[in-house]
1. Just the number, please: Stokes-Einstein D of segment 360-434 in µm²/s, Kirkwood Rh from C-alpha pairs, 37 °C, 0.692 mPa s.
2. For Glu300, enumerate residues with amide H under 5 Å from its amide H, sequence gap 5+ or separate chain, H modeled in the peptide plane.
3. For Phe538, list long-range residues whose amide hydrogen, built 1.01 Å from N in the peptide plane, is under 5 Å from its own amide hydrogen.
4. Residues of segment 522-592: accessible area per residue at 1.4 Å, in Å²?
5. I'd like the distance between the alpha-carbon centres of segment 481-498 and segment 183-238, rounded to an integer number of Å.
6. Let a ≥ b ≥ c be the square roots of the eigenvalues of the Cα gyration tensor of segment 234-300; is it rounded (a/c under 1.5), or, if not, prolate (a/b larger than b/c) or oblate?
7. If you roll a 1.4 Å probe over the heavy atoms of the protein chains, what accessible area per residue do you get for segment 174-315, in Å²?
8. Taking a quarter of the surface of the Cα convex hull of the chain, what do you get in nm²?
Amino acid sequence: MNHFYLPFEKRNDFRYCPSCIEQLTEYEKYQLSFHPERPKYLDYLDVFADVSPCFESSAHGANLIQTHTATLPSPSGPLRLMLIGQQSSPTSDFEQLQDMMKTNGTAETWNQGMPTPASYERALAAIKLAEKEQRLIITIIDTPGADPTEEAEAGGIAWKIGSCMQALAEATVPTLSVIINRGCSGGAIALTGCDRVLAMEYATYLVISPEACSSILFRTRNKANLAAEISQITARKALQNGILDELIPEPDGPAHRFPEAARQSFKKAVTRHARELLDIPRAEIFPRRVERWRRIGQWETLSEQTIAGFEQRKSRLIQPPRNGLFIKRHDNCRNEDQRRIYDPVLYSQLLHENFVCPDCRYRYTRLSAWDYIDLALDEGSFREHASTRLLGDKDILSFPDYTEKLDEARQKTGLAAACITGNGTVEQRQVVFCATDFGFLGGSFCMSTGEKIWLACQEALERRAPIILQASGGGARMHEGCSSMVSIPKIHVALSRVEKAGLQVITIITDPTLGGVAIGIGSRGVRLFEHRAANIGFSGKRVIEQYTGKKTSRDFQTTGWLQQKGFARHIVRLETLKQHIGRLIGEHERAS
């Protein structure tokens, strides 16, 4: 049989023993986690009984998440299960894989192992059926990340991922997740927001690939090993950082060389956890879920002295001209015909267009968190929560220059972290408000944001008030590794608590809302899309163009484009934002 060997496997002194694997570089451990011969989801099906596929589909990417009803034997009778597994390639048989990939269309069908909107639609259907039939949900994770294409964005991949996390947060049955190989980025976090999360011993769990992290940090992909080491991506590191509940041993060695031993170890661990979870009384499932996710994350409590060194209200709103009606046009403005335009810009028109140039779509400014607070709430009504005011970001990885970047961001924005929460009023109605600032490390989602929103949701529950979230930012913050990403399911659980209590959730989607922010708060509640906003979705324009080698369409990821695709129902202008929110709150009050 023809086998695949990684470079380190070809070394004469390498053995598949724990000590040899421990001596591998972090990047080599990463390569090991997605060795093409490691068992895939379908290889683990033989540990279950009564396996039956469901929701099969010919839609592009539906094969990348496969779903089966199944059982596991137990002394009290069969344990009824719903399996939702990511199948990253057609087979773990390398010789067979080589032959299959020679067939026209096979590579396209398997899409580099990256789930598409159809993949997550299949998972959502399986979660609903599991609830109906009272089956324990087991998600099995193996993915390099979600599909970064314009077609995936047109299919609403950000909202589909967010819906999966919300469905798991609200599931009326217990949930268990097992990372068997590589669990990367939003493609993985979509299905790991479970009551318990396990991982095979030589799996990895990461927010961004080492190559991409290296490219951002060092402007080259050639330092991927250093990036892997910094980011602490192995399952063992994830366990130490408190984002996994247990490692499943690969007792004889890595699963690609000892698959049967790995399968039996998997079966033993999954059976034990399944029995324990199914013993939980139905009324306790959600409260226990809340308690589990409440403990997720790490942050610092800043001193009053530290806060005093930077805390202030800062605005990036362009003020009206003191003399006349116009302001200077930005440099190098060109219309669709590439004709250079020099004329000054009418300020009232620029304000009406949300500070986006009507001729070339250049954005003159991105507003601060305080700007959105002033636009959305009654004047002077905002009071920051004492419970969140001192919360700051913690450098749990000793990530290069992170502490310095945090200090710079605090001075730049006047904020302790990217998120600020407080109480206020909208047209005299009490609300809880959470704002994010793109100026603070790009508004990237992090552990402190997860905790601040969690506490804000608690405040909303205690005050019986709606919660309003203003979303702005990119992906989960790589400086905190996978721990930042794992805080995204945490806020889904928190927001589901609010909605379960009959309280309203409203989210203001601003420019940009991408990645971890989009699949987190950006996918919840009634969504108000900022007029003339762009860069709204899962993968950013630059990432997509680099991956596909093609330019995206002109209006791509704008509110108008999203409206055409059916994802943006409410589009609001800045000057009417408060009135629109007030109307929604009033409608909700009358309906309830």
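The values are calculated or read from the model by the stated rules, or taken from the named source; none is laboratory data. Source: prediction; values computed, not measured. Cβ: placed from backbone, ideal geometry, glycine included. Neighbour counts: every protein chain shown. All accessible areas refer to the heavy atoms of the entire protein, side chains included, with ligands and DNA or RNA removed. Shrake-Rupley method; radii C 1.70, N 1.55, O 1.52, S 1.80 Å.
1. Stokes-Einstein gives a translational diffusion coefficient of 229 µm²/s.
2. Gly392, Asp393, Lys394
3. Ala158, Gly515
4. Heavy-atom SASA per residue in segment 522-592 reads 51 Å².
5. Measuring centre to centre over Cα atoms gives 18 Å.
6. Oblate is the answer for segment 234-300, as a/c is 1.5 or above yet b/c matches or exceeds a/b.
7. Value returned for segment 174-315: 42 Å² of accessible area per residue.
8. Hull-based average projected area comes out at 28.9 nm².
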